[in-house]
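Encoded as structure tokens, the structure appears first; notes follow it.
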């Protein structure tokens, strides 16, 4: 029987949404098909925290690492983490995850963006402001008013700072801006800058 070895991160604020990774130990449930001479890893049902259940978005390391997105709004307190197996059994790691009070944040500041070239990656730097800024580890949505931006979902902030490589594409010559939105709906916009077809 497998067991839950670790949960990363182990602590978030109720006002954050994060990518959660759960590592498993032990033998995972397999389906043997003697007629086809094959072995298949059974799908795992869901991850659970408190009274919430989340779909497993991806499995890595032959099913031993499970990844999901955890939205804001989990109840504050120390929580058990559950993994539901395909046969209905549950793995539980007691008190493995802590949800803390909402962070006290004032907003985001996007560093000034110079004119850019379409389809050429550039670095976008965003800082969280407010008393709890250094605790912020969430991800944010990225979008533009007139261009397509990739990625649409950022990497996690580290100590309240995000340094993200992005690429933008659109009909060249437009003045564009970047919008950042966190999972509580807070939005901030960059300065306008030009997106040119060539340097």
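Observations, loosely collected:
- The simple spin-label model puts a point 7 Å past each Cα toward its Cβ; for residue 114 and residue 169 those points are separated by 2.4 nm.
- Each peptide among 153-161, 18-26 gets the average number of other Cβ atoms lying within 10 Å of its residues, and from highest to lowest they stand as 18-26, 153-161.
- Estimated distance in nm for a label pair at residue 104 and residue 161, the labels positioned 7 Å out from Cα along Cα-to-Cβ: 2.3
- Cα gyration tensor, the chain - rounded (a/c under 1.5), prolate or oblate: oblate
- Extension gain from residue 76 to residue 62, taking 0.36 nm per residue of separation minus the Cα-Cα distance: 1.8 nm
- Each peptide in 182-190, 66-74 receives the mean, over its residues, of other Cβ atoms within 10 Å, and ordering these scores from highest gives 66-74, 182-190.
- With R₀ set to 22 Å, the beta-carbon distance separating residue 14 from residue 134 gives a calculated FRET efficiency near 0.80.
None of the figures in this text is laboratory data; all of them are computed from the coordinates on show. Keep in mind it's a predicted model, so treat the numbers as computed, not measured. Heads up, the Cβs are rebuilt from the backbone with ideal geometry, glycines too, and the neighbour counts pull from every protein chain shown.
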